[in-house]
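S.K.: Just dropping this structure here.
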């Protein structure tokens, strides 16, 4: 696996290089699939090029629209199929498989999961290999389904099976695929992360406790040539060895309700952010004489992202920094944590999602208005290349997905597929 800890600042080549590295861990997905939470690289970047840099006069072409229950769960895409975990009437979780080209539902598999959730609905993104799909429901049900037969192969519950407790707003994490394993983060009193055999569900390793479950997902990263799995929680961030689950390092950050994953900046440097005025920080992970350490190098007071991680591009970090207590809009930091610019209310973006492409453009959703922006990321200032209102309602916070020049977006009632290829 190619090192990805030295690539920050690699410019438009970054998504391509990361995609090559991560393909060894999630299986050989063709073209530009989006087979897991935060995409093929696990960091919100896409290797795609040749995409729209301005909207047509009538807005982007909507290829299809399908109804969904309320929620925030994102889509995964592989081999021309879209996978999304839906939730119906506070009674059932439903894994749906759609045709990417048309939106036609090919199959679905539901299971009983009764219970009332504050801010009801799905929360997670499935993870997909060539023959199986894995999904975690809001009550901790981890299920492995055969794509060809649509049959349940095995299941676990990452809350009850490991003596853990679901956070206030339910389980929101997405599974992580690594080699022949699928990794989740129960974060109970005696266990932190757990790896299961993809085929059988047999436990391969479990780590020691690292904190209590929040809303972040396991994330694959690499430092000093070592594959690691990181997780955020109320203590900050922690990482374990991807091969064996051995605890490597922990970093303290004051966000008690952690949601966004950390952002890799290169050479063992990371950005962490959080809501409720916890602010953001940059820290350095090092290894000396076999011992790991994580040390803060910059602290950003109060300005932080609520739902989504920062996107790193050419030496800068772009984050949607709107929390309940303050609105900073889209924010640009440099790699030393210096505030470069912020949009505040013009535009605000609320808590929407965003994707960075290899073309050097961002597609960013305003979570309050349903307007989708094409953004040119630059330290010179915020530059929107176009905006189009495409979604309706409240809390349009789901992560975006990009595959085969098709952008998948959703609100609380529907998912839309947009054609964003530059024709």
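The values are calculated or read from the model by the stated rules, or taken from the named source; none is laboratory data. As the structure is a computational prediction, the values presented were derived from the model and not from experiment. Here the Cβ positions follow ideal geometry from the backbone for every residue, glycine too, while neighbour counts run over all protein chains shown.
S.K.: Suppose we filter 298, 293, 312 for residues that are modelled with pLDDT of 95 or more, more than 21 Å from residue 75 (Cβ to Cβ), touching a helix residue (DSSP H, G or I) at 6+ places or on another chain (Cβ under 8 Å) and in a strand (DSSP E or B); which single one remains?
M.R.: Of the residues listed, the single one that is modelled with pLDDT of 95 or more, more than 21 Å from residue 75 (Cβ to Cβ), touching a helix residue (DSSP H, G or I) at 6+ places or on another chain (Cβ under 8 Å) and in a strand (DSSP E or B) is 312.
S.K.: Something else: If you take the residues in the stretch 52-72 that are free of Cβ contacts under 8 Å to residues at least 24 places away in the same chain and over 13 Å from residue 421 (Cβ atoms), which one is surrounded by the most Cβ atoms within 10 Å (Cβ to Cβ)?
M.R.: The extreme case among them is 58.
S.K.: Next question, about the same structure. Scan the stretch 36-51 for residues that are part of a loop (DSSP other than H, G, I, E, B) and either surrounded by 18 or more Cβ atoms within 10 Å (Cβ to Cβ) or out of contact with any helix residue (DSSP H, G or I) (no Cβ under 9 Å at 6 or more places or on another chain) (or both) and jot them down.
M.R.: Start the filter on the stretch 36-51 by keeping residues that are part of a loop (DSSP other than H, G, I, E, B), which leaves 36-44, 47-50.
Listed by number, the residues that qualify are 36, 37, 38, 39, 40, 41, 42, 43, 44, 47, 48, 50.
S.K.: Restricting the search to the stretch 62-78, which residues are assigned to a loop (DSSP other than H, G, I, E, B) and more than 14 Å from residue 103 (Cα to Cα)?
M.R.: Scanning the stretch 62-78 gives 69, 70, 72, 73, 74.
S.K.: If a residue has to be within 19 Å of residue 345 (Cα to Cα) and free of Cβ contacts under 8 Å to residues at least 12 places away in the same chain to count, how many in the stretch 267-322 make the cut?
M.R.: Within the stretch 267-322, residues that are within 19 Å of residue 345 (Cα to Cα) and free of Cβ contacts under 8 Å to residues at least 12 places away in the same chain number 0.
Residues are listed down the side, and each one gets a yes or a no for (1) over 23 Å from residue 219 (Cβ atoms); (2) touching a strand residue (DSSP E or B) at 6+ places or on another chain (Cβ under 7 Å); (3) assigned to a loop (DSSP other than H, G, I, E, B); (4) in contact (Cβ under 8 Å) with a residue 24 or more places away in the chain:
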site: 83; (1), (2), (3), (4): no, yes, no, yes
site: 101; (1), (2), (3), (4): yes, no, yes, yes
site: 106; (1), (2), (3), (4): yes, yes, no, yes
site: 114; (1), (2), (3), (4): yes, no, yes, yes
site: 124; (1), (2), (3), (4): no, yes, yes, yes
site: 135; (1), (2), (3), (4): no, yes, no, yes
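Here is a yes/no grid of residues against (1) within 22 Å of the chain's Cα centre (by Cα); (2) without any contact (Cβ under 8 Å) to a residue 40 or more places away in the chain; (3) surrounded by fewer than 16 Cβ atoms within 10 Å (Cβ to Cβ); (4) part of a loop (DSSP other than H, G, I, E, B):
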position: 332; (1), (2), (3), (4): yes, no, no, no
position: 346; (1), (2), (3), (4): no, yes, yes, yes
position: 352; (1), (2), (3), (4): yes, no, no, yes
position: 355; (1), (2), (3), (4): yes, no, no, no
position: 368; (1), (2), (3), (4): yes, yes, no, yes
position: 374; (1), (2), (3), (4): yes, no, no, no
position: 385; (1), (2), (3), (4): no, no, yes, no
position: 393; (1), (2), (3), (4): no, yes, yes, yes
position: 396; (1), (2), (3), (4): yes, no, no, yes
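S.K.: Can you confirm whether residue 194 is under 22 Å from residue 257 (Cα atoms) and either surrounded by 17 or more Cβ atoms within 10 Å (Cβ to Cβ) or out of contact with any strand residue (DSSP E or B) (no Cβ under 6 Å at 6 or more places or on another chain) (or both)?
M.R.: The answer is yes for residue 194.
S.K.: Got a number for residues in the stretch 97-125 being closer than 15 Å to residue 415 by Cβ and more than 19 Å from the chain's Cα centre (by Cα)?
M.R.: 11
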